[in-house]
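The values are calculated or read from the model by the stated rules, or taken from the named source; none is laboratory data. In this text, all values refer to a predicted model and were calculated from it rather than measured experimentally. Backbone-built Cβ (ideal geometry, glycine too); neighbour counts: all protein chains shown.
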Amino acid sequence: MVVKRYNCLANPLHLSALTGVTCLGTPVENRGQPCARSPSPDDLKSQKTRGTRSQLANYHESDSMKDALHVSKENYLKAILEAEAEGHAVISATLAHWLEVSPPAVTMALKRLKRDHLVEVGNDGIVRLTPIGREAAYRTALRHHLIERMLSEVFGMQWDEIHEEAERLEHAVSPAFEAKLREKLGEAGACPHGNAVLPESPVKRKLRGEVPLSEAAEGKTYTVISLHERDPKLLKFLHQMGVGPSGTLKVVKKNYDQTVSIELPTGASILGRPAAEAVWLRLNNRP
C-alpha cells in the first residue's frame, strides 16, 4: 500500500476565486503541477462587490415586500369600511370578490389584520373593524378621495381615468402632503364620480330621493347623481356609453332580460343590470 504524503503548498483556508475548490495540499508526486490558486486582491475585491450587491438586492426585496404588505393591508381595511358603509355584512367571500383575490389569500390577510388588532372576526364569520382599524381605513379612503379631486380639479383628468391612479397614489401620500390637500380641497366635496369620502347605504340614499337606474321608472327623465367607482372597467364602459355624473337620461323601457333601455343626449342605449345598479339617479322635475 502506498501512503501519499501531502506537502501544503497553499493556504488551506483560501477558496479559489475561479474554481471554488479548496486547496488542502498537494500530493508529493504532483509537486510542480498547478493547483487552485489563492485569490488575488482583484478577486477579493470582485467577491466583495458581488456580496455587497447581493446584500443590497436582498434589502430592497425585503423593503418591497414590506411595502406590498402595507398596501395590501390598507386595501383590505378600506374595502371593509366601504362595504360596511354600503350596508353589507362583510365576510371573507365579500373581500375575495371585491379585491379579486383567492379565498386563501383573504384568510391569510385576515390573520395578519387580527394579529395587528385592526379587525375582529365573529363566530358568524362577519368581519368588523376595530376602532384602530376604522381610523386607518378612513385615512386611506380620505387620501383616495382627495387624490381623485386633485387629479380632476387641478390636473383636469377625465373622471373615468382617475380611480386607478388614485388607487396607486393613495398609499404613497405623506401626512404633510395629505394635510396640504385637505387644506386646499376640504373633505366635504364630492369626487368626480359624485361620491363623498365614504359611500352611503341604499336605504339612506333612497330616503333622499335617489334611486339606482335598475329601479328607475319608465318614461321618466333623471339626472345622474353618482357612479359606483369600484370597477375601473365599468367606469370606462359608462364613459364610452355617455353616462356620467351630472348628465341626464330618460328611462325608455325596463326589459325582461333585466337590461334597461335609455335615451341619452347622444342617442339611445341599453345597459345591463350590473351597470344599471352602479348608476344612481334623481328624478328631474323640470319639464
Over region 162-182, the set of residues surrounded by 12 or more Cβ atoms within 10 Å (Cβ to Cβ) and free of Cβ contacts under 8 Å to residues at least 12 places away in the same chain is 177, 180
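Residue 135 - would you say it is in a helix (DSSP H, G or I) and either touching a strand residue (DSSP E or B) at 6+ places or on another chain (Cβ under 9 Å) or not aromatic (Phe, Trp, Tyr) (or both)? Full working, then the answer.
On the way: in a helix (DSSP H, G or I): yes; either touching a strand residue (DSSP E or B) at 6+ places or on another chain (Cβ under 9 Å) or not aromatic (Phe, Trp, Tyr) (or both): yes.
When the stated conditions are applied, residue 135 passes them.
Looking at 187, 218, 229, which one is in contact (Cβ under 8 Å) with a residue 60 or more places away in the chain and either in a loop (DSSP other than H, G, I, E, B) or within 15 Å of residue 144 (Cβ to Cβ) (or both)?
Numbers: 187 fails: in contact (Cβ under 8 Å) with a residue 60 or more places away in the chain; 218 fails: in contact (Cβ under 8 Å) with a residue 60 or more places away in the chain.
When all the criteria are applied, what remains is 229.
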Failed item, numbered, when residue 206 is tested on (1) part of a helix (DSSP H, G or I); (2) assigned by TED's automatic domain parsing to the domain that holds residue 257; (3) in contact with a Lys or Arg (Cβ under 7 Å, 6 or more places away or on another chain) = (3)
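Within region 183-195, does at least one residue satisfy the condition of being loosely packed, with under 14 Cβ neighbours inside 10 Å, on the phi < 0 side of the Ramachandran plot and hydrophobic (A, V, I, L, M, F, W, C)?
To start, the set of residues in region 183-195 that are loosely packed, with under 14 Cβ neighbours inside 10 Å comprises 183-184, 186-189.
Checking which are on the phi < 0 side of the Ramachandran plot leaves us with 183-184, 187-189.
Remaining after also requiring hydrophobic (A, V, I, L, M, F, W, C): 188.
Yes; the residues of region 183-195 include at least one that is loosely packed, with under 14 Cβ neighbours inside 10 Å, on the phi < 0 side of the Ramachandran plot and hydrophobic (A, V, I, L, M, F, W, C).
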Condition test on residue 164, is it out of contact with any Ser or Thr (no Cβ under 8 Å at 6 or more places or on another chain), over 22 Å from residue 74 (Cβ atoms) and assigned to a helix (DSSP H, G or I)?
-> no
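Consider residue 281 carefully, then state whether it is in contact (Cβ under 8 Å) with a residue 40 or more places away in the chain, under 31 Å from the mean Cα position of the chain (by Cα) and not in a strand (DSSP E or B).
Details: in contact (Cβ under 8 Å) with a residue 40 or more places away in the chain: yes; under 31 Å from the mean Cα position of the chain (by Cα): yes; not in a strand (DSSP E or B): no.
No.
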Mind checking whether some residue in region 258-275 is farther than 20 Å from residue 79 by Cα, assigned to a loop (DSSP other than H, G, I, E, B) and free of Cβ contacts under 8 Å to residues at least 12 places away in the same chain?
-> no
From 89, 137, residue being under 18 Å from residue 200 (Cα atoms), crowded, with 17+ Cβ neighbours inside 10 Å and not assigned by TED's automatic domain parsing to the domain that holds residue 244 = 137
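If I filter region 247-257 down to residues being assigned to a loop (DSSP other than H, G, I, E, B) and under 35 Å from the mean Cα position of the chain (by Cα), which single residue comes out as surrounded by the most Cβ atoms within 10 Å (Cβ to Cβ)? Show your work before the answer.
Filtering region 247-257 for residues assigned to a loop (DSSP other than H, G, I, E, B) gives 247, 255-257.
Within this subset, residues satisfying the condition of being under 35 Å from the mean Cα position of the chain (by Cα) are 247, 257.
On the way: 247: 15, 257: 7.
Once the filter is applied, the top-ranked residue is 247.
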